[in-house]
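Shown next, in structure tokens, is the structure this report addresses.
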Amino acid sequence: MSFTYNASRLSLPTEITRTVSNASFYASLSIHQRFDRLGSGQDLDLFGKSVARSSVHCQMKFIRKVYLITLFQFLIITMMTRTFLHFTYWHEESQYVWWVVLFPATIFLIVAAWQLWTQYYQLSNASRFVILAIYSFLMAFILSDLVAKAFQDFGLLVFAMTCFGILSIVIYTYQTRFKFQGTKPIIATVCISSVGLRIIYQLNPVQILGPIAISSIICSYFILELYYAMDAMTVDDYVLANISFHIDLAYPINCLHHLCELSDHVDNIPEYFNPDASPVLIDV
């Protein structure tokens with residue numbers, strides 16, 4: 001007895017795959033769906049590992065990049081405000097000309113912010129930085145002009161203290177022994193800088209309390225927004241994290257939503273909700 005084997009009749013199931021570009025994939029998602037993290041057993045997400053689940057070194061590097069961009073923006077705002085205040089007479093005489101310039105600048109600012117926010121994943125790195133530079137300049141021009149007209153030296157003090165507060169966070173990120181806690185370096189730096197600024201502008205201790213409070217609120221807002229960004233973005237999305245600061249400020253409902261999301265994870269930010277139980281030293 002013999003058996004025959006016909007190999008020609010055997011066939012394996014085939015599967016046709018179609019590659020889809022990243023641009024096509026992201027274009028099919030809404031702006032809110034792009035930031036929904038889908039976890040897995042390997043601690044990975046649809047877009048990669050979030051910053052909050054990365055190493056402390058990666059977290060500090062991400063924070064440093066975000067705040068360096070923010071510091072650069074505030075330095076431009078501070079210098080432009082100082083320039084407008086220096087030429088106060090000419091600035092007041094040409095106020096109608098400035099309003100004509102501010103209107104198209106505001107339109108271009110909104111377009112740049114919207115493109116960077118909604119089309120972030122479709123843009124190349126070079127395009128992102130070009131749009132970010134245009135947006136930063138227009139924002140600094142508009143904000144410094146309005147502050148110089150309405151608040152004058154008071155607004156300049158707030159910007160200067162905010163720069164010192166952001167700089168303290170940048171310096172803090174160069175160490176990896178302690179976990180990130182933005183409030184402590186900010187409070188220390190803002191209070192120390194207020195002493196010198198009070199002497200320069202000849203203010204009494206009561207007059208300097210207003211700029212200290214406002215700059216501390218601004219820096220605290222950046223920290224809370226950064227906590228949310230670290231949980232929803234990867235280490236390569238530092239430009240998106242920076243632009244989200246401004247988008248959420250312009251859209252308060254979104255900012256309130258982020259604060260509600262953070263309140264569900266109070267253990268991740270004990271420096272605000274439970275400072276006494278805040279572990280800052282990393283186990284080595």
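FYI, it's all coordinate maths here, none of it is from the lab. These numbers come from a predicted model, not from an experiment. Counting neighbours? That spans all protein chains shown, and the Cβs are built from the backbone with ideal geometry, glycine included.
Rounded, prolate or oblate: pick one for the stretch 137-210, where a ≥ b ≥ c are the square roots of the eigenvalues of its C-alpha gyration tensor, a/c under 1.5 means rounded, and failing that, prolate if a/b is larger than b/c, else oblate. Present the calculation step by step, with values, prior to reporting the outcome.
On the way: a/c = 3.21, a/b = 1.42, b/c = 2.26.
Oblate is the answer for the stretch 137-210, as a/c is 1.5 or above yet b/c matches or exceeds a/b.
Report the local net charge at THR70: Lys and Arg +1, Asp and Glu -1, summed over other residues whose C-beta lies under 12 Å from its C-beta. Before the final figure, lay out each step's value.
Details: positive: ARG64, LYS65; negative: GLU225.
In short, +1.
Give the lysines whose C-alpha is closer than 21 Å to that of LYS179, dropping any in the same chain fewer than 8 places away, or say none.
By straight Cα distance, LYS179 reaches LYS49, LYS61, LYS65.
Using a ≥ b ≥ c from the Cα gyration tensor of the stretch 67-168 (square roots of the eigenvalues), is it rounded, prolate or oblate, where a/c under 1.5 gives rounded and otherwise the larger of a/b and b/c decides, a/b for prolate?
Working: a/c = 3.05, a/b = 1.38, b/c = 2.21.
Verdict is oblate for the stretch 67-168.
Would you mind calculating the gained length between THR83 and VAL100 on full extension (0.36 nm times residue separation, minus the Cα-Cα distance), in nm to one decimal? Before the final figure, lay out the partial values.
Details: separation 17, 0.36 × 17 = 6.12 nm, distance 1.93 nm.
Full extension of this stretch gives 4.2 nm more.
Can you list the HN-Hα couplings for the stretch 230-247, worked out from phi with the Karplus curve (6.51, -1.76, 1.60; θ = phi - 60°), rounded to whole Hz and with x for Gly and Pro?
Whole-Hz 3J(HN,Hα) from phi for the stretch 230-247: 5, 8, 10, 10, 8, 5, 8, 9, 5, 5, 5, 5, 5, 5, 5, 4, 7, 5.
I want to check the label-to-label distance for TYR221 and VAL56. Put each point 7 Å from Cα in the C-beta direction and report it in nm to one decimal.
Going by the 7 Å Cα→Cβ label model, 3.1 nm.
Got a sec? How would MET79, MET230, MET139, MET161 order by Cβ neighbour count within 10 Å, fewest to most?
On the way: MET79 13, MET230 23, MET139 19, MET161 26.
Ascending number of Cβ neighbours within 10 Å: MET79, MET139, MET230, MET161.
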